[in-house]
Amino acid sequence: MKNSTWKDIVAKYQHPHRGRSIWQLVNTLVPYGVLWYLMYLSLAVSYWLTLGLAVLAAGLLVRIFIIFHDCGHQSFFKSEKANRLWGFITGVLVFTPHDYWWHEHAQHHASAGNLDSRGIGDIWTMTVREYMKASRRTKLCYRLVRNPFCLFLIGPAFMFIIARRIPKLSAGWKKCRSTFLTNLGITVVALIASALIGWKAYLLIQLPVLVMAVSAGVWIFYVQHQFEGVYWERQPAWDYVTEALHGSSFYKLPKILQWFTGNIGFHHIHHLSPRIPNYFLEQCYKENPLFQQIKPITLLSSFKSLKFRLWDEQSHQLISFGELKRRLLSGLIKV
């Protein structure tokens with residue numbers, strides 16, 4: 001595809017609409033605050049009721065993360081100052097330092113699907129050859145990391161609650177400052193909430209909401225780049241447009257989940273043009289046959305991704321550990 005063709009197509013959708021952005025903040029942050037209050041009241045009734053409300057709050061927190069994400073792409077508001085302000089505010093709510101994460105995410109966009117540029121802003125994925133040559137300790141570590149319990153529960157909780165509280169000095173002062181300011185913001189919110197409702201009530205509400213939200217968020221991110229038929233290539237053959245359209249999934253979710261996830265299921269369009277605000281992604285899809293040619297992944301079919309563990313460069317596909325064993329026994333893969 002010629003660059004001018006796809007650039008011309010997406011250009012009309014790349015302009016943030018202030019009214020749409022403000023309305024999205026209102027219809028996301030206000031219900032989130034109301035749910036927090038209802039969860040506090042529910043603590044006196046039943047913690048099971050609290051957890052039920054926490055599921056809805058977690059869905060809204062995922063939506064808040066999409067707003068945070070768009071601010072990082074400078075696609076939520078036209079004003080850089082507005083994007084930075086709301087990026088900081090939503091970053092505090094999602095426990096993520098804006099400058100550091102935005103920089104890491106930009107690197108992800110520049111290298112997704114590139115086998116020679118793994119390791120930044122992605123999920124650890126080894127090739128079959130790398131895994132076969134790895135030490136026993138590395139193989140064990142990799143198997144633990146790729147275990148669904150660690151990948152979608154323990155890992156995300158550790159990353160958002162603990163790892164992102166620690167500034168990385170090698171990232172530079174600006175990104176370290178972002179971590180410090182976000183930590184300060186989280187602390188201020190926690191102290192105010194604890195003063196109003198008590199620290200136990202704060203933790204009983206915040207922790208399950210955050211853990212459920214980050215687990216769902218990591219699952220979505222996983223399916224966006226680890227699915228049947230995904231495009232991955234080495235640097236000489238890697239192509240930006242091909243990666244966007246075939247290395248980033250079209251995750252077709254039910255309308256209610258599409259709303260909670262801020263249309264991020266149209267990930268093939270987002271990777272092609274990250275400057276498109278999330279509320280224009282569906283319109284871009286519907287108005288352009290180019291994007292409708294991509295085979296969607298449904299909620300049901302996405303669970304196939306759970307079996308994927310390794311990238312087989314010979315067959316150009318993701319495979320399971322069981323499939324690796326079968327191919328070794330049949331001689332399709334040489335040790």
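Please treat every number below as a calculation from the coordinates, not as lab data. Fair warning: this is a prediction, and the values are worked out from it, not measured in the lab. Every residue, glycine among them, receives a Cβ derived from its backbone with ideal geometry; neighbour counts consider all protein chains shown.
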Dipole in debye (nearest 20) - the chain, about Cα centre, beta carbon charges: Lys, Arg +1; Asp, Glu -1 | 600
Listed residues TRP6, HIS73, GLN226: farthest to the positive end of the dipole of the chain (Cβ charges) = GLN226
Direction-averaged shadow area of the convex hull around the Cα atoms of segment 129-212, nm²?
-> 7.8
For segment 45-57, just list the computed ³J(HN,Hα) in residue order, Karplus coefficients 6.51, -1.76 and 1.60, θ = phi - 60°, integers in Hz, with x standing in for Gly and Pro.
-> 9, 6, 5, 5, 5, 4, 5, x, 5, 5, 4, 5, 5
Of the options GLY198, PHE152, TRP173, report the single residue whose Cα projects farthest towards the positive end of the charge dipole of segment 98-206 (beta-carbon charges: Lys, Arg +1; Asp, Glu -1).
-> PHE152
Residues whose placed amide H lies under 5 Å from that of PHE76, excluding near-sequence neighbours | CYS71
ILE297 long-range amide H proximity, modeled H, under 5 Å | PHE250, TYR251, LYS252
Running Debye on segment 76-135 with equal point scatterers at the Cα sites and no solvent, what base-10 log of I(q)/I(0) appears at q = 0.18, 0.21, 0.24, 0.30 Å⁻¹?
-> -0.74, -0.86, -0.98, -1.15
Given the C-alpha centroids of segment 218-289 and segment 55-99, what is the distance between them in whole angstrom?
-> 19
Please work out the C-alpha center-to-center distance from segment 143-211 to segment 300-326 and express it in whole Å.
-> 32
Using modelled amide H (1.01 Å from N, peptide plane; none on Pro or chain starts), what sits under 5 Å from the amide H of MET126, excluding residues fewer than 5 places away?
-> TRP311
Using the Kirkwood formula on alpha carbons, the hydrodynamic radius of the chain in angstrom works out to 21.2
Per-pair calculated FRET efficiency, R0 = 35 Å: ILE162 and ARG326 via Cβ, rounded to 0.05 = 0.35
For the chain, what is the calculated [θ] at 222 nm in deg cm²/dmol (nearest 500), taking -39500 (n - 2.57) for each run of four or more DSSP H residues and dividing by its residue count?
-> -19000 deg cm²/dmol
Rounded, prolate or oblate: which fits segment 1-56, taking a ≥ b ≥ c as square roots of the Cα gyration tensor eigenvalues, rounded meaning a/c under 1.5, else prolate when a/b beats b/c?
-> oblate
Rg/Rh over Cα atoms for segment 205-307, Kirkwood Rh, comes to 0.99
Expressed to two decimals, segment 6-140 has a Cα Rg over Rh, using the Kirkwood radius, of 1.11
Sorted by packing (mean other beta-carbon atoms within 10 Å per residue), highest first, where do 264-274, 186-196 land?
-> 264-274, 186-196
So for segment 230-288, Kirkwood radius off the Cα pairs, Stokes-Einstein at 25 °C and 0.890 mPa s: how many µm² s⁻¹?
-> 204
In the chain, what percentage of the DSSP-assigned beta bridges are antiparallel, given to the nearest 5?
-> 45
Rounded to 10°, Cα long-axis angle of helix 321-330 versus longest principal axis of the chain | 0
Point-charge dipole on Cβ atoms (K/R +1, D/E -1) for segment 88-208, about Cα centre, debye to 20 = 500
Projected area, mean over directions - segment 179-233, Cα convex hull, nm² | 5.6
Based on the inverse mean of 1/r over its pairs of different Cα atoms, what is the Kirkwood hydrodynamic radius of segment 33-113, in Å?
-> 14.1
